[in-house]
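Below you'll find the structure, written out as structure tokens, and then a few comments.
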Amino acid sequence: MDTTKTPAPNAPEADTTAVDLEKAETPQPAEAKADSAVTAEATDTDLDDDEAFADDEADDAEPSHVGSAAFAVVAAGLGVVALSGSWVAGIVSERSSVAARLELSQAADANAQIAAQFVDPWHTTAMVNGIFSALALIIATFVLALPAFSSPERRLPTWVRSVSWAGIGLGALGVLLFVLMYFDLLLAIPKAAGAGA
């Protein structure tokens, strides 16, 4: 008969070996470390690819056309100013009138006085407005012709083209009025009756 006692399963003496927690943690094998390094490298590569893709999208995006839009608005504004008259034209006209009066002599006839007080300022105003009109015409034409000198797929927005065409129309009308005013084709110069006879 065997007299050795077997401990009960629930008895505290049953678990005689203490578990070492530090040894219980299983170390990562070399393959797992290599996999984590490859994963980190792949993540960095993906981030680099995303940045390059974002840069490509920014390059492929439509240009903002801010400069073209600004020049189109300036051209239309110059055309309106040329047709309605400007402060600059008024100042230059008054200066021309004063200079012409100072050149008059006391014995100047009526036609010379009319020329000094009316014709010279009229021509000066026409010249200043003609300069504004020519600038409007040149700038608007430049805006419309700009895509022809850049990449073929570049197109101006519809409203920029519309404003540019308005600038061309206003500028052309202003140049026409300049010619009619400066060469006295729009209104005849008034003449004093019997003057110089």
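The values are calculated or read from the model by the stated rules, or taken from the named source; none is laboratory data. Owing to the predicted nature of the structure, the values given are computational and were not obtained by experimental measurement. Because the Cβ atoms are built from the backbone with ideal geometry, glycine has one as well, and the counts that use them run over all protein chains shown. Ligands, DNA and RNA are excluded from the accessible area calculation, which covers all protein heavy atoms including side chains. Shrake-Rupley method; radii C 1.70, N 1.55, O 1.52, S 1.80 Å.
Couple of notes before you dig in:
- Each residue of the range 140-146 was assigned a 3J(HN,Hα) from its phi angle through the Karplus expression (A = 6.51, B = -1.76, C = 1.60, θ = phi - 60°), giving 5, 5, 4, 5, 6, 7, 4 Hz with x at Gly and Pro.
- Between residue 185 and residue 154, the simple label model (points 7 Å from Cα in the Cβ direction) yields a spacing of 3.8 nm.
- Backbone N under 16 Å from the residue 127 label point (7 Å along Cα→Cβ), restricted to the range 170-187: 178-184
- FRET efficiency for residue 138 and residue 113, using Cβ-Cβ distance with R0 set to 41 Å, rounded to 0.05: 0.60
- Rounded accessible area per residue of the range 103-197, 1.4 Å, Å²: 61
- For the range 106-197: Kirkwood Rh in Å [reciprocal of mean 1/r, alpha carbons]: 15.9
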